1. Under the rule a/c < 1.5 gives rounded, and otherwise a/b versus b/c splits prolate from oblate, where does the stretch 164-216 land using the Cα gyration tensor?
2. Using Cα-Cα distances under 8 Å and only pairs 6 or more residues apart, what relative contact order does the chain have, in percent?
3. Give a residue-ordered list of calculated ³J(HN,Hα) values for the stretch 192-201 (Karplus: 6.51 cos²θ - 1.76 cosθ + 1.60, θ = phi - 60°; whole Hz; x for Gly, Pro).
4. Please report the spacing between the Cα centers of the stretch 215-239 and the stretch 308-329 in Å, no decimals.
5. From the convex hull of the Cα coordinates of the stretch 123-250, what is the mean projected area in square nanometres?
6. If amide hydrogens are placed 1.01 Å from N in the peptide plane, which non-local residues have theirs closer than 5 Å to the one on Leu35?
7. Please list, ordered by chain and number, the residues whose modelled amide H lies under 5 Å from the amide H of Phe257; skip anything fewer than 5 residues away on the same chain.
8. Counting only the backbone N, which residues of the stretch 190-225 are under 19 Å from the spot 7 Å out from the Cα of Val255 toward its beta-carbon?
Amino acid sequence: MGTVRILIVEPFLTGSHAAWAREYTEYSSHEVDILGLEGRHWKWRMHGGAVTLARRFLDEGHRPDLILVTDMLDLTTFLALTREKTAGTPVAIYFHENQLSYPWSVDDPDPGLERDVHYGFINYTSALAAAAVLFNSWYHMDSFFSELPGFLAAFPDHNEPDSIETIREKSSVLPLGVDLTALDRYRTERDSDSPPLILWNHRWEYDKNPDDFFGALFVLAGEGLEFEIAVLGESFTKYPPIFDEAKRRLGEQVVHFGYAKDFAEYARWLWRADILPVTSNHDFFGASTVQAIYCGCVPLLPNRLSFPGHVPEALREKYLYEDQPQLIERLRDMILGRDGPSELAVAGFADRYDWSVMTSQYDRLFGTFAG
């Protein structure tokens, strides 16, 4: 397979989207460039990003063998505006998330005003227009196709139900690549003399379900159990009030509270932490969970969403829970019986997501698309 010129088109170049694009660019054996916009105003990026990126594509004279876009791009608009240059170029779309099965914020006015469906429609038509459709987990692909029939049926006529199978036939799963080995240089030893350290390393948002996470800690702290808690993750101007309540109620048990100043600080907390309870109501992949597992945190994951895929079947009974009472019960046992890094870390189960493994999968697949 020869070198392929790949252009990643990303209207929301920040966070995990930016890390994925830049890390693949760094590790790939192909020639990979990125055409992107700043990661803000996500709704406007889905509406207008394609217009700006199409103009820049033409102005900059890109001549890729393969265009790789993400779910934040209105691909139909982009292709319409660049058809003089892209008519014969294969296009693959990578779904980090999708707007059909992504839960809406309780603070977002759009659903109540019945103007929320267009973002899902952009994902639908983009998938139709692409030559290949890629999802970052099996759960993600399944959830997309579970929502699509009802989504299309809600329109008054000409619903095109056969288009679902058209998309399905060109869809596959390509797990997220994560630069896990970058964590190695910050490895620190866990302090066995201190109370077990519990970790939160997700965004401070409603869909990560912080109420159940901190609710479990309130119960166990009320029982007198000794533990510490490090609250990492990105926070915004407005975030769920449970975070401030937790800081107040857990007091000195909170040893860190806020976004890590840099990757080095973030990585050191992952290596120090003992237990990772996850309570998310939404995760199409869960990169922060994979990072923590790699660093030896003992995971306690809900038996839903993408999380069962991160645990081998033989260990799911140990590391997955069904409901809040079982979360509290399992977490109590883990605090009282801390026993070092999880079997997942010892077995290197998360290593399969590292770019040292994933890059060759990406390169081979994209080589076939461009061929």
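1. Oblate, because a/c is 1.5 or more while a/b does not exceed b/c.
2. Answer for the chain is 16 percent.
3. 6, 8, 8, x, x, 9, 9, 10, 10, 10
4. Here the answer is 20 Å between Cα centres.
5. Details: hull surface 50.9 nm².
Result: 12.7 nm².
6. HN-HN under 5 Å from Leu35: Ile8, Val9, Glu10.
7. Here the answer is Val231, since their amide H atoms fall under 5 Å of that of Phe257.
8. In the stretch 190-225, the label zone of Val255 (backbone N under 19 Å from the point 7 Å along Cα→Cβ) covers 190-202, 214, 217-218, 220-222, 224-225.
Here, each number is a calculation from the coordinates, and none is a lab measurement. Given the structure is predicted, the values throughout are model-derived calculations rather than measurements. Neighbour counts are summed over all protein chains in view; Cβ atoms, including those assigned to glycine, are modelled from backbone coordinates with ideal geometry.
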